[in-house]
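Q: Mind looking over this structure? Questions follow.
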Amino acid sequence: MSFLYPLFLLAGLSIAIPIIIHLFNLRRYKTVYFPNTRFLKNIQLHSQKQSQLKYKWLLALRILFLLFLILAFAQPFFARKDQTAATDRLQVIFIDNSSSMSVKKGARSLLDIAKDAARNQIQNVAPGTKFFILTSDRPLSYQPMPAEKAVGALNTVDITSVSRNASSVFATVQGLVQSEAAEGADLYYYSDFQRNAFPAHASEGPLNQVNFHGIPVRTDVASNVFIDTAFFTSPVLHTNQSNRLVIRSKLVGKGSADAPVVQLSINGQVKTAASLSFDEKNESIDTLSFQVNTAGWQRLMLTVADAAVRYDDTFRITARSASNLSVLVLNESQPNPYIQAAFRAYNGFRMDQKKTGEQADWKQYNLIIFNGITRVDEVLGKRISEALQQGQSICIFPGRTTNLDALNTGLSRIGDIRFTGVDTATQTAATLQQGSELVRDLFERIPDNVQLPVANWHYNIRAGLSANQQSILSFRNGDPLLAQYSPSRGKLYLASTSADLQSGNFPGSYFFAPFLYQMTAQSKGGDVYAITAGEALPVYLPMTNAGERNMVHLYADGVDIIPPQRPSGAGLDVYLAQAVQQPGFYTLAASGADSTSIALNQNRAESYLELWNLDKLQENWSGNTITWSKDASSGAGAGQHTGSSFPLWKVCVILALLMLAAESYLLAAANRNQTVAPR
């Protein structure tokens, strides 16, 4: 027998109290006056026997009452051998509370079923067992909790937008084993076991010193329709003009007979809708046209009608209309008609043109273009470097010259970038870097047979590691036609040839105008937001008035949080993933600065609902340290892993109450006998 609270046994010293009272009462004498001494002896003998017997019973009952009461507080239990060994190992319960666990099976969600099974497990283990409770978003405690607190912690678990893979859970358990200096851990893994979050095969490394208990909680979902992404066809949102929004939707499983409908709402008002038609790849690409009538931040919400799975039916975007993106073109000689035509095609851009020697305030422009420049001195190079540090974008189309030093002098002030020579051979670009920020999500679809630009001549460019070169368009020999450099916060785009038809057909190509639009929009860094919950990357805000004493706050209904943030160029990097995970619209603002509206969306990885076949998974996950339970949603409890013990403390309480009742009865009977007067 063991005790949950053995220190309560020290209260056993209180048993001496009734013994002392009993001994004290034996020393007390009472004189009885009676007229006939012949009966006095009989009465005294009779009273002495009854008194001694009564006191012995009272003493025994009082001692037993205290004994059982003390044992009840100490909580005794019989520990089996396997339970005693389990107390030397950490007991860890992982509850998968990702969005897919919100799917209902009958009237209850999978998360509710998992929590009930975990409660059953906790309530049927040996007394004194402590638990760590892990969830998809965080551990509920970094210290082991007793059973009562563990059950209370389970009650607080709710659905989160954060998706956590099994490798991360195993790493957390390994860290707990090391921090607690334990022999190992028993991990009880409650999940629906999606393919994207759980590996197909067991690995010995992550499961070192860990006994894995898989407890499936799942239901059959026939299909799911969700919006994978959405983006504007232009880099700006126009006011009182037609805007186009491209929506990419996906179907998982078998679709219904009726075509689902996607609906666009702006600031709570329904604007337009469209029916989704999926191709053989279960994808649908649709374009919605709409108008906004007011300037400022617009909250766009795309909703798809899908009754089977509801948590991913909404996709949110925030966009600022009338953003007035501005471009400054600095010409060394004549203005470039192709650059003029590119920006005049849209009303959302304001373009100014000046000579390279003219004074201009660069801070008010999102993109500065140098056209046909053949000389970059130290002063100009320093100014370009300062603009890049403030987060602006610079694009250079060099003019043709034999004096490369005149260009390299200023380029060296910007970064480890230099022209090393001129190649006069006509070459066609052979590679388009589709992962580049200029290309990614810019085009709805790039034609398979699109003609890449041709250059009649180009400079050979060499850059060091500190320049962070990324070739966007490059020739077959690896030389860049257009490259992006990130020596600081801003982006430097450097072409290796001029933007005129004598130098090649790049100005008239399929990519010229879209690339210029994207360069301008990226420098603004804050006109369109559609962020995925849980992303570790920061959100850049072009705020200049925020600082250590004027922090950016995150606001929503009933929410006021200061998220982690740090200055970056002309704005701030705000780490939203460490502050909020709930999808919705949020406002970021600092005192004296313009507010920014942010859209936070569900992690789309949870929408695919591709579950492992349990028979196949259990076959791949087998071994002495791996066990599997029946589906918890069928009513099978997980407590059978750890065994149970009868609550002996309740028996002790019942016996203590019985002793108290017997003592009360004995005292009441004695009082009744004393009230009978002798005749």
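The values are calculated or read from the model by the stated rules, or taken from the named source; none is laboratory data. All values reported here derive from a predicted model rather than from experimental measurement. With ideal geometry, Cβ positions are generated from the backbone for all residues, glycine too; neighbour counts draw on all protein chains shown. Heads up: the accessible areas ignore ligands, DNA and RNA and are worked out on the full protein's heavy atoms, side chains in. Shrake-Rupley method; radii C 1.70, N 1.55, O 1.52, S 1.80 Å.
Q: Can you give me the number of residues within segment 373-416 that are crowded, with 17+ Cβ neighbours inside 10 Å, in a helix (DSSP H, G or I) and touching a strand residue (DSSP E or B) at 6+ places or on another chain (Cβ under 8 Å)?
A: Count: 7.
Q: Scan segment 33-56 and give yes if some residue there is surrounded by 18 or more Cβ atoms within 10 Å (Cβ to Cβ), modelled with pLDDT under 80 and assigned to a helix (DSSP H, G or I), otherwise no.
A: No: zero hits.
Q: Go through segment 574-589 and give me each residue that's at pLDDT 85 or above and either part of a strand (DSSP E or B) or not hydroxyl-bearing (Ser, Thr, Tyr) (or both).
A: Residues satisfying the conditions are Val574, Leu576, Ala579, Val580, Gln582, Pro583, Gly584, Phe585, Tyr586, Thr587, Leu588, Ala589.
Q: OK, next. Suppose the filter is surrounded by 20 or more Cβ atoms within 10 Å (Cβ to Cβ) and either under 23 Å from Thr424 (Cβ atoms) or touching a helix residue (DSSP H, G or I) at 6+ places or on another chain (Cβ under 7 Å) (or both); does Leu482 pass it?
A: yes
Q: Just give me the residues in segment 287-313 being open to solvent by less than 30 Å² (accessible area, probe 1.4 Å) and either more than 15 Å from Val528 (Cβ to Cβ) or outside any strand (DSSP E or B) (or both), in sequence order.
A: Answer for segment 287-313, where residues must be open to solvent by less than 30 Å² (accessible area, probe 1.4 Å) and either more than 15 Å from Val528 (Cβ to Cβ) or outside any strand (DSSP E or B) (or both): Leu288, Val304, Asp306, Val309, Asp312, Asp313.
Q: On to the next question. Just checking, how many residues over segment 226-240 are buried (at least 22 other Cβ atoms within 10 Å of the Cβ) and modelled with pLDDT under 90?
A: Counting residues in segment 226-240 that are buried (at least 22 other Cβ atoms within 10 Å of the Cβ) and modelled with pLDDT under 90 gives 3.
Q: Among the listed residues Phe278, Phe226, which satisfies the condition of being of a type in the set (Phe, Trp, Tyr), closer than 30 Å to Val439 by Cα and either touching a His at 6+ places or on another chain (Cβ under 7 Å) or not in a strand (DSSP E or B) (or both)?
A: Every option except Phe278 fails the conditions.
Q: For segment 332-350, check the following and say yes or no: at least one residue is in contact with a Gly (Cβ under 9 Å, 6 or more places away or on another chain) and open to solvent by less than 40 Å² (accessible area, probe 1.4 Å).
A: Yes: segment 332-350 contains one or more residues that are in contact with a Gly (Cβ under 9 Å, 6 or more places away or on another chain) and open to solvent by less than 40 Å² (accessible area, probe 1.4 Å).
Q: Which one is farthest from Gly128 (Cα to Cα) among residues in segment 614-655 that are modelled with pLDDT of 50 or more, hydroxyl-bearing (Ser, Thr, Tyr) and in a loop (DSSP other than H, G, I, E, B)?
A: By that ranking, first place goes to Ser622.
Q: To continue, here is another question. Going through Asn243, Asn208 one at a time, which residue ends up being crowded, with 20+ Cβ neighbours inside 10 Å, free of Cβ contacts under 8 Å to residues at least 60 places away in the same chain and not hydrophobic (A, V, I, L, M, F, W, C)?
A: Asn243
Q: A further question follows. Which of the numbered conditions does Asp479 fail, given that it passes all the others? Conditions: (1) in contact with a Pro (Cβ under 8 Å, 6 or more places away or on another chain); (2) closer than 15 Å to Leu452 by Cα.
A: (1)
Q: Does Gln174 satisfy the criteria of being surrounded by fewer than 16 Cβ atoms within 10 Å (Cβ to Cβ) and in contact (Cβ under 8 Å) with a residue 12 or more places away in the chain?
A: Here the answer is no, as Gln174 does not meet what is asked.
Q: May I ask you to say which residue of Gly106, Gly152 is open to solvent by 10 Å² or more (accessible area, probe 1.4 Å) and at positive phi?
A: Values: Gly152 fails: at positive phi.
On inspection, the qualifying residue turns out to be Gly106.
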